[in-house]
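So the structure is just underneath, and the comments pick up after that.
The values are calculated or read from the model by the stated rules, or taken from the named source; none is laboratory data. As the structure is a computational prediction, the values presented were derived from the model and not from experiment. Positions of Cβ are generated from backbone atoms using ideal geometry, with glycine treated the same way; all protein chains shown enter the neighbour counts. For accessibility, only protein heavy atoms count, side chains too; no ligands or nucleic acids. Shrake-Rupley method; radii C 1.70, N 1.55, O 1.52, S 1.80 Å.
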Protein chains: 2
Amino acid sequence: MTRTTQPSWTAEPATCLRVTDGFRLADVDPRATTGFDGDKETGEVALKSGLVELSHLQERLFAASRGGDSRDSVLLVLQAMDSAGKGGIVRHVVGGVDPQGVLITSFKKPTPLELEHDFLWRIERRLPGAGMIGVFDRSHYEDVLVGKVRALATPDEIERRFSAINDFERRIAQHGTRILKVMLHISYEEQRERLMERLDRTDKHWKYNPGDVDERQLWPEYQDAYQTVFERTATDIAPWYVVPADRKWFARLAVQELLLNVLEGINPQWPVAQFDVAEEKQRLAAT
Amino acid sequence: MTRTTQPSWTAEPATCLRVTDGFRLADVDPRATTGFDGDKETGEVALKSGLVELSHLQERLFAASRGGDSRDSVLLVLQAMDSAGKGGIVRHVVGGVDPQGVLITSFKKPTPLELEHDFLWRIERRLPGAGMIGVFDRSHYEDVLVGKVRALATPDEIERRFSAINDFERRIAQHGTRILKVMLHISYEEQRERLMERLDRTDKHWKYNPGDVDERQLWPEYQDAYQTVFERTATDIAPWYVVPADRKWFARLAVQELLLNVLEGINPQWPVAQFDVAEEKQRLAAT
């Protein structure tokens, strides 16, 4: 099934935002609205109509795994610098579908128990089952990002992790999980503004952590670490997309389009009844 | 904080739908719109405006547990005969808030592993943490409903379970969880229509299970079992509410009001910053 993209898209986000050979993060403008030929207002209308479509596709994905024997599932991995809008994606894109079909995990600093295991142990436990859309707010990529920038692991260990990630993602893709990895890309200036807003508003203080500024001071190191992540882990079965995120409305719309594209690729079908429909109607009518 | 109820409510659902001494399920009309003096259209408008309020309260509940040290959480237990609309409540009432603050569990027939443990073992594992709204689509009450009707346990064991449930609910309430137990009450006739619709539509077949008719044939036994559940487990710290559910719009609105009432009772506050705001502003501005 090929979907007619919204009239305002001049290029498919699945193509124009995808990390391919020779990609350089430094070349991406965080304020861009790549592939979208419309303003904020047009974007918000498109987001709303996309939600209805996403919701229908999600229900079919879920149904196919229940009544039928489909193993299809979707895993959306969200990575970004602080305040780039991961939470907003979860709320405004994923939040539009039936919450019973979504498994959201927000990965924090590993607990002592998690640290006893390999870094993929806690990830494995939160993978979406058949019919589900899993969402990772941060992920195993933290272990090759903060792990590297903060030297929490040796360079050899970081190398091992890259290989382990590729093996792991191939395995779950072969089982039936479509992996969609998204980096929300904001600018250094935009992050300052957003963090400042959190400090300015008492109802936003809880979202602020002094550690956010510490991480910010390592901005170039993180950008480099992301570049390496793309070079090592952008694969055909688990591609990376870099979404310009200074404009929240665009980031949400783009991630929605990427999700729609994945679901349309699956093209889930209503399962065929495993019982005799006419007979069941008679049994029911007799009650 | 006392909330001004919507103008169309003539009585608080928290009062008029509550199971109190002398309650008889058989006396409740499943088509009623108890306490609400409006039609479907008014109801849908009220549902929409209630969602905004619910969303704000949920964010404050979540924030209070993050930045602050609140242990408050909410547990919504949904019980009903098949097709009464539990899924619709999750989708249209709970689905309106940030999915990151909600933990939904749909309890099925226990697995072999779950059966190795006491019936409350799997329940305990899915309790909402601080700041979260937990939703149980079916619950530990199945073990005293189907458990009794299908004689899956001895009468003595059912008795033991009632005591165990009351002890358990008291304990989690003392820790900070507000428990809201809702039975969606549909009529025998309405259930026939809804099941028939699932059989009539190929896109609904996956929601139908031949076992649904088997359970339906035990309707009076289930109604009796619910009556006993109310008599044994309607407590001050974990009250039961019976919501007439033949009209979906009313059931959704009523459960929304009940949830709002619980959240307003908690009255969660934005946490106070645990850091020096002025100092952080300076640090941030310097970057």
> Taking +1 at the Cβ of each Lys and Arg and -1 at the Cβ of each Asp and Glu, which of B:Ala238, B:Val272, B:Ala14 sits farthest along the dipole of chain B towards its positive end, judged by Cα position relative to the Cα centre?
Replying inline: B:Val272
>> How big is the dipole moment of the protein assembly as shown about its Cα centre under a simple scheme where the beta carbon of each Lys and Arg is +1, that of each Asp and Glu is -1, and everything else is neutral? Debye, nearest 20, please.
In response: 40 debye
>> For B:Asp236, place a label point 7 Å from Cα along the Cα-to-Cβ direction in every copy; what are the distances to the other copies, in nm, shortest first?
In response: 6.8
> In a shell of Cβ-Cβ distance under 12 Å around B:Val19, excluding B:Val19 itself, what net charge do Lys and Arg (+1) and Asp and Glu (-1) give?
Replying inline: 0
> What order do you get for A:245-255, B:237-247 when each peptide is scored by the mean count of other beta carbon atoms within 10 Å, highest first?
Replying inline: A:245-255, B:237-247
> What does the charge dipole of the range B:13-268 about its Cα centre add up to, to the nearest 20 debye, if the Cβ of each Lys and Arg holds +1 and the Cβ of each Asp and Glu holds -1?
Replying inline: 540 debye
> In sequence order, what are the phi-derived ³J(HN,Hα) couplings for the range A:152-163 according to the Karplus relation 6.51 cos²θ - 1.76 cosθ + 1.60 with θ = phi - 60°, rounded to whole Hz, with x for glycine and proline?
Replying inline: 7, 9, 6, x, 4, 5, 4, 4, 4, 5, 4, 5
> Given labels modelled 7 Å from the Cα in the Cβ direction, how far is it in nm from B:Arg18 to A:Thr15?
Replying inline: 6.2 nm
> Among A:Gly43, A:Val90, A:Gln100, whose Cα lies farthest out toward the positive end of the dipole of the range A:1-144, if unit charges sit on the beta carbon of Lys, Arg (+1) and Asp, Glu (-1)?
Replying inline: A:Gln100
>> Apply the Karplus curve 6.51 cos²θ - 1.76 cosθ + 1.60, θ = phi - 60°, to the phi angles in the range B:265-276 and return the couplings in whole Hz, x for Gly and Pro.
In response: x, 6, 6, x, 10, 4, x, 7, 4, 9, 9, 7
>> Give me the tail of P(r) for chain B as a percent: Cα-Cα pairs with distance above 30 Å.
In response: 34 percent
> Relative contact order of chain A: what whole-number percent is it, with Cα pairs under 8 angstrom and at least 6 residues apart?
Replying inline: 34 percent
>> So, taking all protein chains as they sit and a 1.4 Å probe, how much accessible area belongs to A:Met132, in Å² rounded to tens?
In response: 30 Å²
> What percent does the relative contact order of the range A:169-276 come to when contacts are Cα pairs within less than 8 Å and at least six residues apart?
Replying inline: 43 percent
> Which chain A residue sits with its beta carbon nearest the axis carrying A onto B, and how many Å away is it, rounded to a whole number?
Replying inline: A:Pro99, 3
>> So, R0 is 51 Å and r is the distance between the beta-carbons of B:Gln274 and A:Gln274; what FRET efficiency does that work out to, to 0.05?
In response: 0.40
> For the range B:174-180, in order, what is each residue's ³J(HN,Hα) by Karplus, 6.51 cos²θ - 1.76 cosθ + 1.60 with θ = phi - 60°, in whole Hz (x at glycine and Pro)?
Replying inline: 5, 6, x, 9, 8, 9, 10
> Taking the Cα atoms only, what angle lies between the long axis of helix B:219-233 and the longest principal axis of chain B, rounded to 10 degrees?
Replying inline: 40 degrees
> lysines near B:Lys108 by alpha-carbon distance under 16 Å, same-chain residues fewer than 8 away left out - which ones?
Replying inline: B:Lys86, B:Lys207
>> Give me, ordered by chain and number, the residues 5 or more places off B:His185 or on other chains with an amide H under 5 Å from its own placed amide H.
In response: B:Val243, B:Ala245
>> Using amide H atoms built in the peptide plane, which far-off residues or other-chain residues are under 5 Å from A:Leu103 H to H?
In response: A:Ile133, A:Gly134, A:Val135
>> Considering only C-alpha atoms, what is the centroid distance from the range B:219-287 to the range A:202-242, in Å?
In response: 35 Å
> Rolling a 1.4 angstrom probe over the protein heavy atoms, how many square angstrom per residue are accessible across chain A?
Replying inline: 45 Å²
> According to the square roots a ≥ b ≥ c of the eigenvalues of the Cα gyration tensor, what is the shape class of the range B:37-194, taking rounded for a/c under 1.5, prolate for a/b larger than b/c otherwise, and oblate for the remainder?
Replying inline: oblate
> Can you give the accessible area of A:Arg171, probe radius 1.4 Å, in Å² rounded to 10?
Replying inline: 120 Å²
> Per residue of chain A, what 222 nm ellipticity follows from adding -39500 (n - 2.57) for every DSSP H run with n ≥ 4, rounded to the nearest 500?
Replying inline: -14500 deg cm²/dmol
> Just A:Lys109, A:Lys40, A:Lys48 to compare: in a GNM of chain A, with alpha carbon springs under 10 Å, which one fluctuates most?
Replying inline: A:Lys109
> Using heavy-atom solvent-accessible surface (probe 1.4 Å) with all chains present, what is the largest-first order of A:Ser83, A:Ser163?
Replying inline: A:Ser163, A:Ser83
>> Please give the charge dipole size of the range A:134-184, origin at the Cα centre, charges +1 on K and R Cβ atoms and -1 on D and E Cβ atoms. Round to the nearest 20 debye.
In response: 160 debye
> In peptide A:207-218, what is the residue-averaged number of other protein chain Cβ atoms found within 10 Å of each Cβ?
Replying inline: 3
> Got a number for the accessible area of A:Phe119? Probe 1.4 Å, square angstrom, nearest 10.
Replying inline: 20 Å²
>> Distances in nm, one decimal, shortest first, from B:Leu218 to the same residue in every other copy, taking the label point 7 angstrom along Cα→Cβ.
In response: 5.8
